[in-house]
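Quick notes on the structure that follows.
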Amino acid sequence: MRRLWRSTLDHLTPYEAGPSLEALKAQLGLAEIVRLSANESPLGPSPRAVEAIRAEAPRAHLYPDAGATALREALARTLAVGPESVILGNGADELLGLIAWAALEAGDEVVIPHPAFEPYATLVALAGATAVRSPLADYRLDLDDMARRVTSRTKAVILCSPHNPTGTIIPSAAFRRFASGLGGDPPLLVLDEAYRDFADDPEGADGIAALPACPTLIVLRTFSKIAGLAGLRVGYGVARPDIVAMLNRVRAPYNVNRLAQAAAVAALEDR
Ligand SMILES: Cc1ncc(COP(=O)(O)O)c(C=O)c1O
């Protein structure tokens, strides 16, 4: 029989997001539900973001700006980086996928913490690469253990701070030590900062500040959490322009929709 599907799919379980909030309400006969498992904002989006969506809605028949120029420039100003260092994704989720698609080949290894945000391992498996799992120590990423697992086959290391699911942060000194320990020919270093805005510890690593010293660093952030825009799917990556250029080669041109771009710009303006 003709084999239609990639054999790696045999070993993948689809992500179980659970029923929609609307279905859950109907099922349980409740008027209001606060779902904690997806880390959605209980406060909702900024009223300015809602207004921006309304104002943009009549242009829904037009494709969005393929380069998300206004949003990229607004982010660049906020983060004090060049706009060519910023890439937008349909959620940070998509950016993880773009990294995997652009960088991973069969035989590559990716060092990830365990447990961690589940898509890391799935994307690595989808790419035919191998996830090398480093167990957490006392709920924290064990950077010494992760460093020991880096070999010449390592294509990427994924770190998460604050970590999902434990909420622990990587201290900036430890991050700097880890990054410089990767040597002169480092793998990609992905720092997932989806929950960065919820951590106020001044000792915490700041991916954007670390960029000048880390040539292969890709910082991932999102409008889903602090900005309460999870339903619109907007995330962004910040990295050196040569890395962003490679990710743009595998990015679909209209990956972030018009309403999402407008809402994210408005949310950025509403600290
Ligand atoms: C650690 C972590 N990274 C990335 C994401 C994905 O964020 P987005 O909604 O932007 O795809 C999440 C979402 O829950 C997350 O917990």
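Bear in mind these aren't lab numbers, they're just calculated from the coordinates by the rules spelled out. As the structure is a computational prediction, the values presented were derived from the model and not from experiment. Cβ placement follows ideal geometry from the backbone for every residue including glycine, while neighbour counts extend to all protein chains displayed.
Once amide H atoms are built 1.01 Å from N in the peptide plane, which residues 5 or more positions from R149, or in another chain, come under 5 Å H to H?
Under 5 Å from the amide H of R149 lies no amide H from a residue far enough along the sequence or on another chain.
Hand me the GluC sites (Glu not before Pro) from the stretch 89-149 located in a DSSP loop with no more than 13 other Cβ atoms within 10 Å, in residue order please.
Within the stretch 89-149, the qualifying GluC sites (Glu not before Pro) (loop, at most 13 other Cβ atoms within 10 Å) are E105.
Who wins for biggest fluctuation among L96, L24, L191 in a Gaussian network model of the chain, springs between alpha carbons below 10 Å?
Of the options given, L24 has the highest mean-square fluctuation.
Rounded to the nearest 500 deg cm²/dmol, what is the calculated helix-only ellipticity per residue at 222 nm for the chain, with -39500 (n - 2.57) per DSSP H run of length n ≥ 4?
Computed mean residue ellipticity for the chain: -9500 deg cm²/dmol.
Spelling out what I want: for every residue of the stretch 176-187, take phi, set θ = phi - 60°, compute 6.51 cos²θ - 1.76 cosθ + 1.60 (Karplus), and round to whole Hz; glycine and proline get x.
With coefficients 6.51, -1.76 and 1.60, one gets 4, 4, 4, 4, 6, x, 6, x, x, 10, x, x Hz.
May I ask you to evaluate 6.51 cos²θ - 1.76 cosθ + 1.60, the Karplus curve with θ = phi - 60°, for each residue of the stretch 256-263 and list the ³J(HN,Hα) values in order in whole Hz, giving x for glycine and proline?
10, 6, 4, 5, 5, 4, 5, 5
Compute the length gained on full extension between K25 and E118: take 0.36 nm times their separation in residues and subtract their Cα-Cα distance, giving the result in nm to one decimal.
30.9 nm
If the convex hull of the alpha-carbon atoms of the chain is projected onto planes in all directions, what is the mean projected area in square nanometres?
Value for the chain: 17.1 nm².
Would you grab the residues whose amide H sits under 5 Å from the one on A194? Only those 5+ places off in sequence or on another chain, please, with H modelled 1.01 Å from N.
So A194 has HN proximity to S161.
What are the residues whose amide H is under 5 Å from the amide H of H114, where those residues sit 5 or more places off or on another chain and H is modelled from the backbone?
The list, which skips near neighbours in sequence, is S134, L136.
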